[in-house]
Structures are given as C-alpha cells and as structure tokens.
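Here is the structure we will look at, set down as structure tokens.
The values are calculated or read from the model by the stated rules, or taken from the named source; none is laboratory data. Model, not experiment: these values are computed from the prediction. Cβ placement follows ideal geometry from the backbone for every residue including glycine, while neighbour counts extend to all protein chains displayed. Protein only, heavy atoms only, side chains kept; ligands, DNA and RNA dropped before computing areas. Shrake-Rupley method; radii C 1.70, N 1.55, O 1.52, S 1.80 Å.
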Amino acid sequence: PLPVGERGSFELPQPFVFELCGQRFTTINVNANGNVTLGRPDSSLFATIPGMLSGPPRIAALWDDLNPAAGGMVTYAQTPNTFKVIYSKVPEFPAIGENSFEIELRREANAIDVRYGAMGSIDGLAGVSGGSLITSSFETPVDLSALLSTRINLHGQPAIFELFGPGHPNDLAGKTVPYTGTTAYSDKWAEPNNNLAQGTPVL
C-alpha cells in the first residue's frame, strides 16, 4: 500500500515516458483523493472545475474527499509497458462507503484506461486535463458515459471531464473510460500565429 494517508501524495517513477497533450513525464504523483497528477502533487480535497483546468496535468478517476487512512488501500502495479494505480474500497471522509477503481497508463499510443468497480460516492469529478500550461480555462463538462463507444482523444481538446453531485450522480460504476493522452496536441489558438496568413481570426 502507498502511504498517501488522508490528504497526502506519493511520487513514483514510471517505467516509460508518458506524454499528455504534448508534455512528457517520467514520474507520477498518486494523490489520496482519487486522482493522479503529473509534474507535481496536488492534495486538494474538493474537486472543482477551476482546479481541474488550472492545476497540474491530472487524471481523475474520482476526485473527491476520499480517506484511504480510514479504510481500503491504494496500491500500484507496473510492467515495462503499463503503469496502474489501484484504489480499492476507499471510503469518503470521514469513513463513508467504499469506492474501487484503477487508473492505467499504457505506453502504446499514450493510452489511459480508467476502470470502475463498485462506487459508493455520488459526487466528485472524473476526467483528464492537460493542466494550466495547456488548457484555456474555458473548457466545460461533458457526459463521459455518452462517449464510451470510442476512445476519447484529447487531440484539440486539452481537458475532458464530468462533474457529479446530488442532482447529477456518478454513473460510472462497472464501466471503463478510455482516453488517449495524445502527443500531437493541436490547439487552434496556439502557434503558428506568427503572420496574418497563419493567424487564427478572432470574431
């Protein structure tokens, strides 16, 4: 078990370089509250859209006020081509219910597979963000369940996520949400914008 406690993080080396929206990472920070971050840890208790977009690059299976110190385990497993973080029967703070899910990074195509088991929490945030260096901070939530027929590609959209709450409860139990972190990130607002021919008009 990783010693993440109630609010902590634990940094681990990855067995391969993982790219997310054109950013390259060799370590991963496993955070107590149901998410992993790249580049730096983040022990924020409460999931917010501004935090998802302006924080570090993040893969959130269930970003919520979880409490591994009160039960369950957070572990990891790796091969030369895969890296998996497993949250098993972790309750919400202080010790409510159980939530099981795993985040797997795969070297091939920089793929991300988030697999959900039994879920007790109805709130929280799930998704992937390229972080403050990549997002515009204007990205909006989507319905992840409606996108499961294909792998969700972040090419051209540096954050994709869903925010759950009492009026919109978590519906991902038993499902797998597949993402592609993409190395060839294309932002129409970014370079090349060095001349009038290449610039993006603002209407």
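Scanning the stretch 25-62 for residues that are part of a strand (DSSP E or B), within 17 Å of Tyr76 (Cα to Cα) and open to solvent by 10 Å² or more (accessible area, probe 1.4 Å) returns Thr26, Thr27. The set of residues in the stretch 10-40 being hydroxyl-bearing (Ser, Thr, Tyr) and more than 16 Å from Leu62 (Cβ to Cβ) consists of Thr26, Thr27.
Of all residues in the stretch 105-141, those satisfying the criterion of being modelled with pLDDT of 95 or more, closer than 20 Å to Thr182 by Cα, aliphatic (A, V, I, L, M) and in contact with an Asp or Glu (Cβ under 9 Å, 6 or more places away or on another chain) are Leu105, Ala111, Ile112, Val114, Ala126. Annotation for the stretch 175-193: at least one member residue is open to solvent by 30 Å² or more (accessible area, probe 1.4 Å), modelled with pLDDT of 95 or more and either outside any loop (DSSP other than H, G, I, E, B) or more than 16 Å from Thr48 (Cα to Cα) (or both). Considering the conditions (1) outside any strand (DSSP E or B); (2) in contact with a Lys or Arg (Cβ under 6 Å, 6 or more places away or on another chain); (3) not charged (D, E, K, R), Ser100 is excluded by exactly one of them, (1). Met119 falls short on exactly one of the conditions (1) more than 13 Å from the chain's Cα centre (by Cα); (2) of a type outside the set (Gly, Ala, Ser); (3) surrounded by fewer than 19 Cβ atoms within 10 Å (Cβ to Cβ), and that condition is (3).
Residues that are open to solvent by less than 20 Å² (accessible area, probe 1.4 Å), aliphatic (A, V, I, L, M), assigned to a strand (DSSP E or B) and out of contact with any Cys (no Cβ under 8 Å at 6 or more places or on another chain): does the stretch 7-24 have at least one? Looking through the stretch 7-24, at least one residue is open to solvent by less than 20 Å² (accessible area, probe 1.4 Å), aliphatic (A, V, I, L, M), assigned to a strand (DSSP E or B) and out of contact with any Cys (no Cβ under 8 Å at 6 or more places or on another chain). Sort out which residues of the stretch 143-166 are in a loop (DSSP other than H, G, I, E, B), more than 14 Å from Leu53 (Cα to Cα) and not small (Gly, Ala, Ser), and write them in order of number. Answer for the stretch 143-166, where residues must be in a loop (DSSP other than H, G, I, E, B), more than 14 Å from Leu53 (Cα to Cα) and not small (Gly, Ala, Ser): Asp143, Leu148, Thr150, Arg151, His155, Pro166.
Here Ser136 passes the criteria (1) part of a loop (DSSP other than H, G, I, E, B); (2) of a type outside the set (A, V, I, L, M, F, W, C); (3) under 11 Å from Gly34 (Cβ atoms) except the one numbered (3). Per the listing Val128, Val114, the residue uniquely under 15 Å from the mean Cα position of the chain (by Cα), over 20 Å from Leu2 (Cβ atoms) and outside any loop (DSSP other than H, G, I, E, B) is Val128.
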